[in-house]
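Engineer: Structure incoming, see below.
Values quoted throughout were computed directly from the atomic coordinates according to the rules given, and no laboratory measurement underlies them. In this text, all values refer to a predicted model and were calculated from it rather than measured experimentally. Heads up, the Cβs are rebuilt from the backbone with ideal geometry, glycines too, and the neighbour counts pull from every protein chain shown.
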Amino acid sequence: PTAPPAPVRLTKVTLTKEAPAVSLTKQGGTSGAMRVNLNWQVHKQFTGWAAKLGRPVAQHADLDLDLCALFELSDGSKGVIQSLGNAFGALHQPPYIHLDGDDRTGAVTSGENLTINLDHKDAFRRVLIFVTIYEGARSFADLHATVTLQPQHGAAVDFSLDECTVPSTVCALALITNQNGDLVVQREARYLVPERGVSPQRTVDHAYGWGMNWTPGRK
């Protein structure tokens, strides 16, 4: 006899270094739209009177974070979703991933959002969600960020990023892989440091062996 399916957990699960992966099926996320959200705060170190106030001040105006995704579909096609070059994707046709408009305001409430169509989950082989910094910060230092994946019909998956200690301009957030029809979300939270002259996108591609051909782009 086959074992009964694991019960669906309808409570939020927080991924950690010790427990970095979860199946979306177990979270009830098997259909509908799944929103991927990146929310961040900048904690600047203040001295003098400002430090005495003891209030971390979040300043978003000088920061330009871009949520992106590399995808590989089950038919072998590969690509990138990013605001660079207006590669926003599409929700109801391949690659079934769509990026909301680029939010330059710093997104005090909602952050950056990307939507994945779970009705077409069999079309995905793997999806890597990552974030790049374009202007306003040379690295992710002092950035406190939370990633939330919220399936339309299931419980959320979230995790926070560790403190960044390297001069990174690109961070791999989460890797979603199709494992026998079930999408498994793995927390990556990997800060990558591009080599001189290498774009953040190409850096992520190389780190995860995606194997795409890149041409320079401007935003």
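Engineer: Obtain the nm distance between the two label points defined at Arg196 and Ala19 by a simple spin-label model: each point lies 7 Å from its Cα along the Cα-to-C-beta direction.
Structural biologist: Reported label-point gap for Arg196 and Ala19 is 4.6 nm.
Engineer: OK, next. For Ala87, what residues show an amide H to amide H distance below 5 Å, using hydrogens built from the backbone and excluding near sequence neighbours?
Structural biologist: Here Gln82 satisfy the definition.
Engineer: Another question, if that's okay. Residues with amide H under 5 Å of Gln152's amide H, sequence separation 5 or more or different chain, H placed in the peptide plane at 1.01 Å from N; which?
Structural biologist: Amide H to amide H, under 5 Å and 5 or more residues apart or across chains, Gln152 pairs with Ala33, Met34, Arg35.
Engineer: Given the Cα-Cα distance of His206 and His153 and 0.36 nm per residue of separation, how much length would full extension add, in nm?
Structural biologist: Between His206 and His153, full extension yields 15.7 nm more.
Engineer: At 0.36 nm per residue, and after removing the present C-alpha to C-alpha distance, how many nm does the segment from Asp142 to Asp182 gain when stretched out fully?
Structural biologist: Full extension from Asp142 to Asp182 adds 10.8 nm.
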